[in-house]
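Each value in this text was obtained by applying a stated rule to the coordinates, not by laboratory testing. Since the structure is predicted, the reported quantities are computational estimates derived from the model, not experimental observations. With ideal geometry, Cβ positions are generated from the backbone for all residues, glycine too; neighbour counts draw on all protein chains shown.
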Amino acid sequence: MSVEPIVVIVGDEELLVERAIGDVVASVRAEDPETEVIDLGPGGLESGRIAELTSPSLFGGTKVIVVRSAQDLGKDLTAEVLKYAKTPADDVVFVAVHHGGAKGKALVDGLTKLKARKVSCPKVTKAGERIDFVRTEMRRAGGKISADAARGLVDAVGSDLRELAAACSQLVADTGGKVDDAAVARYYRGRAEVTGFAVADKAIEGQLAEALEQLRWALATGVAPLLIVSALATGVRGLAKVGGAPRGARGAALAKELGMPPWKIERVQRQLRGWSGAGVARALTVVAEADEQVKGGAADTTYALEKAITEIVAARALRSAS
């Protein structure tokens, strides 16, 4: 077979682990469609079972043996797996799935030394990693998405990779493959807060035309003006909080100090690069005025929101005052 006889999958990102197992099985079945798959859950591998499962069958044929939760095998079973891996059977592909971490690490190290193919499936925890996942997933589904639209989709759907993968597949199917900010807003219009934050992000980043476009989408799909003002206020206050943080503070300490998750701090730090202290102060005044107008002080709330967005973008240009 062209597939490696021993594969060790390390990590606890469930979707990626299942895909890695599926890829191995698909590769083996491409050569032998009648391949038997033996999937052993926790506790499914007792002493002597490896020899039994890997012994030649009277009827021949190829096997894929998947051992899950391999970190729990214990010393004796680990020794049996490593012994087998030294001289694996010709018609068997043995897949060990390890959650990662220190427990049972001797198995991973031993299999790696024996030239097993290692597939890493670590938990996706950073916002940037999720955005990269969405862009890759779009390509996998035959589509394409911009970084900004991918960020909006992550904000809308959340951190669960299965939900993100399903959303990518649905968007490609519904749009024909080219997914932009407007498509994300249109298909996730029920996520009112997210749509408001999309408007705020564009305004804070100085993208006036895009911010106004997002505003029109938000209002057209029923997002309350007050939610949009709230998102604008949250975004500008985030600039003020992160910009006013003690110099040298970073990581978990900064997150604790500001009461913001690390991924959000990273995003605000990127947004701050175009701002001055005077600009942030002006933007804070703008959102306070917009809040008053939307709550009853303005005859035309749409105009009030457009004016606020325009003035926030203008405030960003006050860089010489920093």
Problem - Extension gain, residue 76 back to residue 174 (0.36 nm per residue minus Cα-Cα distance, nm) - result: 30.0 nm
Fill in the blank from the handout: Taking the dipole of region 6-120 about the Cα centre (Lys, Arg +1; Asp, Glu -1; charges at Cβ), the one of 24, 114, 97 that reaches farthest to the positive side is 114
Handout entry: Built amide H within the under 5 Å cut-off of residue 37, gap 5+
Key = 64
Fill in the blank from the handout: Quick calc, the chain, dipole around Cα centre from Cβ unit charges on Lys, Arg (+) and Asp, Glu (-), nearest 20 debye, gives 1260 debye
Handout entry: Cβ-Cβ FRET estimate between residue 146 and residue 209, R0 fixed at 22 Å, reported to 0.05
Key = 0.90
Fill in the blank from the handout: Projected onto the charge dipole of the chain (unit charges on the beta-carbon of Lys, Arg, Asp and Glu, signs +1, +1, -1, -1), the Cα from 134, 81, 258 with the largest positive-side position is that of 258
Practice task
Give the span of region 219-322's Cα atoms along each principal axis, as three whole-Å numbers ordered largest to smallest.
Solution key: 46, 31, 20
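What full-extension length gain, to one decimal in nm, is calculated for residue 126 and residue 310 as 0.36 nm per residue of separation minus the Cα-Cα distance? Could you put the intermediate results ahead of the total?
On the way: separation 184, 0.36 × 184 = 66.24 nm, distance 3.14 nm.
Gain on extension, residue 126 to residue 310, equals 63.1 nm.
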Handout entry: Cβ-derived FRET efficiency at R0 22 Å, residue 46 paired with residue 105, nearest 0.05
Key = 0.50
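How much net charge surrounds residue 75 when only other residues with a Cβ under 15 Å from its Cβ are counted (Lys, Arg +1; Asp, Glu -1)?
Values: positive: 83, 103, 105; negative: 46, 72, 76, 80, 109.
Here the count lands on -2.
Restricting to Cα atoms and excluding each atom paired with itself, what does the Kirkwood estimate give for region 69-192 in Å?
Working: mean 1/r = 0.0584 Å⁻¹.
The Cα-based Kirkwood calculation yields 17.1 Å.
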Exercise for the section: Pairs to check: 83/118; 75/118; 105/144. Give those whose C-alpha atoms are more than 29 Å from each other in this structure. Expected result: 105/144
Handout entry: the chain - Rg (one decimal) and Dmax (whole number), Cα, Å
Key = 26.4, 85
